[in-house]
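Participant: Attaching a single structure in structure tokens format; questions to follow.
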Amino acid sequence: MQKMIPTHVAIIPDGNRRWAKARGKRACFGHSRGVAAFEKIALYSFDQGVRCLSIWGMSLDNMQRRSVTEVMGLMKIFKKEFTRLAGSEEIHQREVQINVLGEWKRYFPRDVREAINKARKATRMYQKGKLNFLLVYNGTDEMIRAIQAIADAGKAQGVNVTANIIKQNLLTYDLSPVDLVIRTGGEPHLSNGFMMWDTADAELYFTDKYWPAFENEDYRRALNDYAGRRRRRGK
């Protein structure tokens, strides 16, 4: 019997700063190691048959409330990573499309935006996999904007609000529902309405491991746990 593989996995990669602090390092060291962990997990994920992988890279609160030094360090990391992704043989061989969702265009410096757009443009024709980064993202704000857009449209013409109408007005309008949410870092909860519409029926998996220490074996364990669950869906 073939193992059930989730089509869409969403990851909240928590614990970069705590991992760095435990080693006497600054936060950006943890973020850099977190990117290294992501690179391994992303490729492993698509090789296991996952078609869509979403990574929460930065929340709106992270952008607004953390120190200038940490935020600027993250900007350097993002610029380097998206430049690498644009030319990544591993990404191109697997025909993975790179998408970036959130308010990054509003908040990120020009050079970082250009690096992101380069990666998006270089992979926009691919359809075998989707790699989605949520940057300067807040799920509650996403839902508020979607509802406001629907309300504005209703003023001009009669709009019958349906599940499809809501989905079409979300940042994730072209993504499939999330099947599995993985959160690292030992805090078993969601945050800021994370993909609230798309995770409505998702399975949740929590681990105490900090994200920089999360390995392919840990990810395999999460996939196996998902495969072993029985979805009753109200029955």
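Participant: Can you give the local net charge around Arg220? Use residues other than it whose beta-carbon is closer than 15 angstrom to its beta-carbon, Lys and Arg +1, Asp and Glu -1. Mind showing how you got there, number by number?
Facilitator: Working: positive: Lys3, Lys40, Lys209, Arg221; negative: Asp47, Glu215, Glu217, Asp218, Asp225.
Around Arg220, the charge tally is -1.
Participant: Next question. Based on Cα positions only, what radius of gyration and what Dmax would you give for segment 6-50, in angstroms?
Facilitator: 12.7, 38
Participant: If you don't mind, there's one more thing I want to ask. Non-local amide H neighbours of Gly15 (under 5 Å, H modeled in plane, Pro and chain starts lacking H): which ones?
Facilitator: Trp211
Participant: Separate question: Net charge near Ile77, counting Lys/Arg +1 and Asp/Glu -1 over other residues with Cβ under 11 Å of its Cβ?
Facilitator: Spelling it out: positives minus negatives among the neighbours equals +3.
Participant: Oh, and also: As a quick test, which of the pairs Lys25/Lys79; Lys130/Lys167; Lys3/Lys80; Lys3/Lys121; Lys76/Lys118; Lys40/Lys118 have an alpha carbon distance above 27 angstrom in this structure?
Facilitator: Going by Cα-Cα distance, Lys3/Lys80; Lys3/Lys121 fall outside the 27 Å limit.
Participant: Check which residues have an amide H placed less than 5 Å from Val100's amide H, if you skip close sequence neighbours.
Facilitator: Excluding prolines and chain starts, which carry no amide H, the hits are Phe133.
Participant: When a/c is below 1.5 the answer is rounded, else prolate if a/b is larger than b/c, else oblate, so apply that to segment 21-161 with a ≥ b ≥ c taken from the square roots of the Cα gyration tensor eigenvalues.
Facilitator: The shape class here is oblate.
Participant: Using a Förster distance of 30 angstrom, determine the FRET efficiency expected from the C-beta separation of Asp225 and Lys105, and round it to 0.05.
Facilitator: 0.25
Participant: Related question: Rounded, prolate or oblate: pick one for the chain, where a ≥ b ≥ c are the square roots of the eigenvalues of its C-alpha gyration tensor, a/c under 1.5 means rounded, and failing that, prolate if a/b is larger than b/c, else oblate.
Facilitator: Note, shape of the chain comes out rounded.
Participant: Let me ask something else about it. Using R₀ = 35 Å, calculate the FRET efficiency as 1/(1 + (r/R₀)^6) where r is the Cβ-Cβ separation of Glu70 and Ser176; round to 0.05. Show your work: numbers first, answer last.
Facilitator: Values: r = 33 Å, r/R0 = 0.95.
So the FRET efficiency works out to roughly 0.60.
Participant: Using R₀ = 25 Å, calculate the FRET efficiency as 1/(1 + (r/R₀)^6) where r is the Cβ-Cβ separation of Gln127 and Tyr44; round to 0.05.
Facilitator: The value I calculate is 0.80.
Participant: Something else now. Whole number please: convex hull volume per residue, Cα atoms of segment 115-210, in Å³.
Facilitator: Enclosed volume per residue, from the Cα hull, is 146 Å³.
None of the figures in this text is laboratory data; all of them are computed from the coordinates on show. Please read all numbers here as calculations on a predicted model, not as lab measurements. Note that we place each Cβ from the backbone using ideal geometry, even for glycine, and neighbour counts take in every protein chain shown.
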